[in-house]
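Following: one structure in structure tokens, then a few remarks.
The values are calculated or read from the model by the stated rules, or taken from the named source; none is laboratory data. In this text the structure is predicted, and so the values were computed from the model without any measurement. Positions of Cβ are backbone-derived with ideal geometry, glycine not excepted, and every protein chain shown enters the neighbour counts. Heavy atoms of the whole protein, side chains included, go into the accessibility calculation; ligands, DNA and RNA do not. Shrake-Rupley method; radii C 1.70, N 1.55, O 1.52, S 1.80 Å.
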Amino acid sequence: MRKTLVVVSLLLLVAFALQFVFAAVGAFTKPADDGAYSLHSINGMAVIPVLTLLTILLAVLAKAPGRLIGLAVLPLGLVVLQALLAMFANAFTDAAGASTPVGLTIAG
């Protein structure tokens, strides 16, 4: 069980590294459209949470120390926090739907 935990943790680490790569691909895609960040979005909202939940489950089943289980839960909390920040930033738009300085500051 512990070997499986290590393998899934390594997969999660690779997913985090790819998240940065996918963000760069989206940022440098020409022409920039709504689909430029699709890989980044799928990885961040599907792959990372699933791997995090699997890591938490395996840590509990492997009877890992409480601190390790707590560290396994941390990425899931960060994904939720990032989604909440994005929704909060989108709430600060003007009547035309364009971003405001406050929204851009929160998003940044």
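Please identify the pairs in which a residue from the range 57-79 that is assigned to a loop (DSSP other than H, G, I, E, B) has its Cβ atom under 8 Å from the Cβ atom of a residue that is surrounded by 15 or more Cβ atoms within 10 Å (Cβ to Cβ), counting only partners at least 6 apart or on another chain.
Pairs that qualify, where the first residue is assigned to a loop (DSSP other than H, G, I, E, B) and the partner is surrounded by 15 or more Cβ atoms within 10 Å (Cβ to Cβ), are Ala62/Leu5; Ala64/Leu5; Ala64/Ala72.
Could you give every pair whose Cβ atoms fall below 8 Å, whose first residue belongs to the range 32-54 and is within 23 Å of Leu5 (Cβ to Cβ) and assigned to a helix (DSSP H, G or I), and whose second residue is open to solvent by 80 Å² or more (accessible area, probe 1.4 Å) and not charged (D, E, K, R), counting only separations of at least 6 or pairs across chains?
Hits for this filter: Gly44/Gln82; Leu51/Leu11.
Return a yes/no flag: does the range 83-94 have any residue that is loosely packed, with under 15 Cβ neighbours inside 10 Å, charged (D, E, K, R) and at positive phi. Please lay out each step first, then the result.
Start the filter on the range 83-94 by keeping residues that are loosely packed, with under 15 Cβ neighbours inside 10 Å, which leaves 83-88, 90-91, 93-94.
Pick out the ones that are also charged (D, E, K, R) and you get 94.
Keeping just the survivors that are at positive phi gives none.
No, the range 83-94 contains no residue that is loosely packed, with under 15 Cβ neighbours inside 10 Å, charged (D, E, K, R) and at positive phi.
Quickly run through the range 54-108 and pick out the residues that are over 28 Å from Ser9 (Cα atoms) and of a type in the set (Ser, Thr, Tyr).
Keep residues of the range 54-108 that are over 28 Å from Ser9 (Cα atoms), which gives 87-108.
If the condition is that a residue be over 28 Å from Ser9 (Cα atoms) and of a type in the set (Ser, Thr, Tyr), then Thr93, Ser99, Thr100, Thr105 are the ones that fit.
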